2 protein chains.
Amino acid sequence: MLIGEAAQGSGVSAKLIRYYESTGLLSASHRHSNGYRLYEERHVHELRFIKRARSLGFPIREIRSLLDLWRNKRRASSKVRAIAMRHRSVLEERARSYQGIIDVLDHLIAACKGDDRPDCPILEDLSRPSARSSRRPPRIGGSGPSAKGS
Amino acid sequence: MLIGEAAQGSGVSAKLIRYYESTGLLSASHRHSNGYRLYEERHVHELRFIKRARSLGFPIREIRSLLDLWRNKRRASSKVRAIAMRHRSVLEERARSYQGIIDVLDHLIAACKGDDRPDCPILEDLSRPSARSSRRPPRIGGSGPSAKGS
DNA sequence: GCTACACCTTCCAACCATTGGAACCTCCAG
DNA sequence: CTGGAGGTTCCAATGGTTGGAAGGTGTAGC
């Protein structure tokens, strides 16, 4: 089949299929005499695999490993699992980082009146020198090490 | 002061300061006769502002608005608040999306034995056609949104 | 004056995944 | 023969940051 059909069958755009080929992730089996890329059913399967993995946030580099493992019938599932766990920890770190920011924004948004006057704790925070957690006075209340919670 | 001093004073690299200038975010006041950029204290303040805003994940485009508001003493705090809230919702959406993926990975990782045999639910999921949520029967389970509880 | 060095300048490239466009070729139908 | 739908290639942009090259400038020591 031609690239258009592979694209439609997999949900991956023709442009992206060519890009994947350029990165060595997935290459067409043959070229037709006119230069057109030719694909088989298994390419569509692999493209769907890639698409699903991308939708789970795996970077191309790791998808390459996952594809290799998928093709290798002698694989050890521990390797797949390790990749998934590493990726999970990356995502968790990012989610945690986002959540930390959201918590800060929540404080600032709650403190900002949001009227037509200029006073704004949000801008005040952004323009503060750099000792951030000043809203928590030092050595008072002594609840121990900071840690924004989580 | 020269760009190096402004960089050291703000924590923003000289390279980045030049990039910010190229995008119109922050321009040096003058140029010395030899072509060197010249900065004042207020530039360092603005660079710190930018740095803090970036650390909260604001994109340059929004930082531009925030800087404009910060400079404008007749601003309405409602505008600042609106920007912060919009940004908050973007972050929340991303965090939620990550969390959704993490939940999926948790299921898959738990189901994968992770030994030296090839059987692997993770790869099976990735290679499955596309009807994803089959593992969750509709309207059962309803433990509500995860909520890691800050 | 010469040399070494630290600092500045500009321009180009790379990261990551994806999309868009231009310029061009190819196959098929009308 | 013309039109159109598909294919091909290469270049550019996204967003923020970093790296490097190639070269100008200022200041120190000799």
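The values are calculated or read from the model by the stated rules, or taken from the named source; none is laboratory data. Quick caveat, the model's predicted, so the values are computed rather than measured. Don't worry about glycine lacking a Cβ; one is built from the backbone with ideal geometry, like all the others, and counts go over all protein chains shown. Side chains included, ligands, DNA and RNA excluded: accessible areas come from the protein's heavy atoms. Shrake-Rupley method; radii C 1.70, N 1.55, O 1.52, S 1.80 Å.
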Tell me, which residue of the stretch A:107-127 that is more than 7 Å from every other protein chain (Cβ to nearest Cβ) and among the charged types (D, E, K, R) is farthest from residue B:11 (Cα to Cα)? A:124
Check on residue B:35, over 19 Å from the mean Cα position of the chain (by Cα), at positive phi, near DNA strand D (Cβ under 9 Å from one of its atoms) and not aliphatic (A, V, I, L, M): yes
Which condition does residue A:47 not pass, out of (1) more than 9 Å from chain B (Cβ to nearest Cβ); (2) without any contact (Cβ under 8 Å) to a residue 12 or more places away in the chain; (3) open to solvent by less than 20 Å² (accessible area, probe 1.4 Å), if it passes all the others? (2)
Counting only residues that are open to solvent by 90 Å² or more (accessible area, probe 1.4 Å) and more than 27 Å from the chain's Cα centre (by Cα), how many does the stretch B:6-31 have? 2
All conditions in (1) of a type outside the set (Val, Ile, Thr); (2) more than 8 Å from every other protein chain (Cβ to nearest Cβ); (3) part of a helix (DSSP H, G or I) are true of residue A:24 except (3)
Return the total of residues in the stretch A:70-105 being more than 7 Å from chain B (Cβ to nearest Cβ), over 13 Å from the mean Cα position of the chain (by Cα) and either farther than 30 Å from residue A:23 by Cβ or outside any loop (DSSP other than H, G, I, E, B) (or both). 7
Assigned to a helix (DSSP H, G or I), of a type in the set (D, E, K, R) and within 14 Å of DNA strand C (Cβ to nearest atom): does that describe residue A:62? yes
Restricting to the stretch B:6-21, give me the number of residues that are within 8 Å of DNA strand D (Cβ to nearest atom) and within 14 Å of chain A (Cβ to nearest Cβ). 1
Among the residues of the stretch A:32-44, write down those that are within 14 Å of chain B (Cβ to nearest Cβ) and open to solvent by 40 Å² or more (accessible area, probe 1.4 Å). A:41, A:42
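Is there a residue in the stretch A:28-39 that is among the hydrophobic types (A, V, I, L, M, F, W, C), in a helix (DSSP H, G or I), farther than 19 Å from residue B:107 by Cα and touching a Leu at 6+ places or on another chain (Cβ under 7 Å)?
The first filter runs over the stretch A:28-39 and keeps only residues among the hydrophobic types (A, V, I, L, M, F, W, C), leaving A:28, A:38.
Subsequent filtering for residues that are in a helix (DSSP H, G or I) retains none.
For the stretch A:28-39, residues among the hydrophobic types (A, V, I, L, M, F, W, C), in a helix (DSSP H, G or I), farther than 19 Å from residue B:107 by Cα and touching a Leu at 6+ places or on another chain (Cβ under 7 Å): absent.
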